[in-house]
1. Taking 0.36 nm per residue of separation and subtracting the Cα-Cα distance, what length does fully extending VAL103 through ARG33 add?
2. How big is the chain by the Kirkwood estimate over distinct Cα pairs, in Å?
3. Determine, from the Cβ-Cβ distance of VAL77 and ASP234 and an R0 of 35 Å, the FRET efficiency 1/(1 + (r/R0)^6), rounded to the nearest 0.05.
4. Based on alpha-carbon atoms only, what is the radius of gyration of segment 107-235 relative to the globular estimate 2.2 N^0.38 Å?
5. Keeping all protein chains in place, calculate the accessible area per residue for segment 110-193 (probe 1.4 angstrom), answer in Å².
6. Where q = 0.17, 0.21, 0.27, 0.28 Å⁻¹, what log10 of I(q)/I(0) comes from the Debye formula for segment 29-91, counting one point per Cα?
7. From the P(r) of segment 183-235, can you give the percent of Cα pairs sitting at distances over 15 Å?
8. What percentages, rounded to whole numbers, describe P(r) for segment 144-217 computed over all alpha carbon pairs with 5 Å bin width beginning at zero?
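The values are calculated or read from the model by the stated rules, or taken from the named source; none is laboratory data. Note that the structure is predicted; figures quoted are calculated from it, not measured. Please note: Cβ atoms are built from the backbone with ideal geometry, for glycine as well, and neighbour counts cover all protein chains shown. These area figures cover heavy atoms from the full protein model, side chains too; ligands, DNA and RNA do not enter into them. Shrake-Rupley method; radii C 1.70, N 1.55, O 1.52, S 1.80 Å.
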Amino acid sequence: MWAAVLTGCADPGSAAPPGSPTSATAATAITDRSAEIQRLRAAVDAPAEPFSAEISVEAADGRTSARGRGRVSIGEVQTSSMRLTASSGDAQGQVSTTTRSRVYSRVDDQPWTSHPRGEEVLLADHRPMVRTLLAADPASYRGRVPLPGDADGASAYHLAGRLPVGEVSAALGVAVRRKVAEHGIADCAADLRVDDRGRLAELSLVCEGDGYRATSTLGLHGYGPPADIEPPADL
């Protein structure tokens, strides 16, 4: 409110005249930002590249929380190997490996179990989220930020804004999707980082309403060529 009042009281004569260094700098900044958005659009509109990457996930909804680390391979089929720690009173450690055809899991030191793989995706496609944010409000593009987990100082495109639940449901997981629907939550706050090749670097979501709040953050780094993850060696 104070910012609006102060802006409204500014002296009209204090504005920089056209052609002044200040107006030239502002024009350059606008041009640079527009060019960045165009490069971002081109990156997410290009055909998706298969890749593998280190993955980290954190999620909580006030009742349960989970953290995980592992590696995913994203191509024609998504495969992964993850170590998860979930807490709903007592912490439990779980190792989960998803191959092309089966899911193998083991809790603590118990024997491996397996079942046929379903149709769920391991990594939601972030590109429609980027397009929706830019289409709804170009100001959702926040500029360049350091690429998470990159020791060489590379940077990523940063976007933030609200997305309909339908746009992010694949990134929420079955249990959270059910809770979000039960509480009538229509949209979620999203924060994305995307690298120069259009790959997801980080996705954070906050879905809240009707006394319920779910948060999640997924990060990718250490990109490499795709390589299908095989069944556990100690079955």
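1. Values: separation 70, 0.36 × 70 = 25.20 nm, distance 4.39 nm.
Extending this stretch completely gives an extra 20.8 nm.
2. 20.3
3. Once the sixth-power term is evaluated, E becomes 0.90.
4. Working: Rg = 17.2 Å, N = 129, 2.2 N^0.38 = 13.9 Å.
Cα-based Rg divided by the globular estimate yields 1.23.
5. I get 53 Å² per residue for this part.
6. Listed by q, the Debye log ratios stand at -0.78, -0.86, -1.04, -1.07.
7. 64
8. Reading upward from the zero bin: 3, 16, 25, 19, 13, 11, 8, 3, 1.
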